[in-house]
1. Compute the signed sum of charges (Lys and Arg +1, Asp and Glu -1) over the other residues within less than 14 Å, Cβ to Cβ, of Thr80.
2. Determine the alpha carbon to alpha carbon distance for each of Lys83/Lys118; Lys35/Lys126; Lys72/Lys112 and list only those over 23 Å.
3. Tell me, in nm to one decimal, what length is gained between Asp116 and Ala47 on full extension, where the rule is 0.36 nm per residue of separation less the Cα-Cα distance?
4. Got a sec? Which residues in segment 25-69 would a label at Leu104 touch, if it sits 7 Å along Cα→Cβ and we count backbone N under 11 Å?
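Quick note: the coordinates plus some simple rules give every number you see, no bench work behind them. If you're wondering where the values come from, they're calculated on a predicted model, not measured in any experiment. Reconstructed Cβ throughout: ideal geometry from the backbone, glycine too, with neighbour counts over all protein chains shown.
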Amino acid sequence: MNIDRRHLVLPALAIGLLGVIPALATSADEDAVAKGVEAFRLAQIAADAKAFDALCAAELSYSHSDGRVEDKATFIANATNGKSKFLSLESQSAADGKKSNTNLHILMNWQKQGADWKLLSRASTKL
């Protein structure tokens, strides 16, 4: 029996796809972190101190694009004191009644602590 290239193509494609399919599936941890990011976004809009407390690690380091760094207690207090309100997480926030653009690159690091994923650190820089 002679085997030519055409006979090898389908098995090679099948083997190649076996390596790709698991990479496309998300793990339970990835889903949990994605839900945490969304819950954090909603907590920002609602200025929800309880949600922030549940989502953030005790050792949180939250840095702003202007260079300020806050621990968990300071971050929650400042995020929920009413002085700033998120109008849109993509474009604007109102601080002391003045609108300002908030076009940022944001890096969030989540850490699994026990069974839960917690926000360990957040850093941002202006575009």
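1. Numbers: positive: Lys50, Lys72, Lys83, Lys85; negative: Asp48, Asp53, Glu70.
Net charge in that neighbourhood comes out at +1.
2. Values: Lys83/Lys118 25 Å; Lys35/Lys126 25 Å; Lys72/Lys112 17 Å.
Beyond 23 Å between Cα atoms: Lys83/Lys118; Lys35/Lys126.
3. Numbers: separation 69, 0.36 × 69 = 24.84 nm, distance 2.14 nm.
Separation in residues times 0.36 nm, less the Cα-Cα distance, equals 22.7 nm.
4. Inside the label zone: 62-69.
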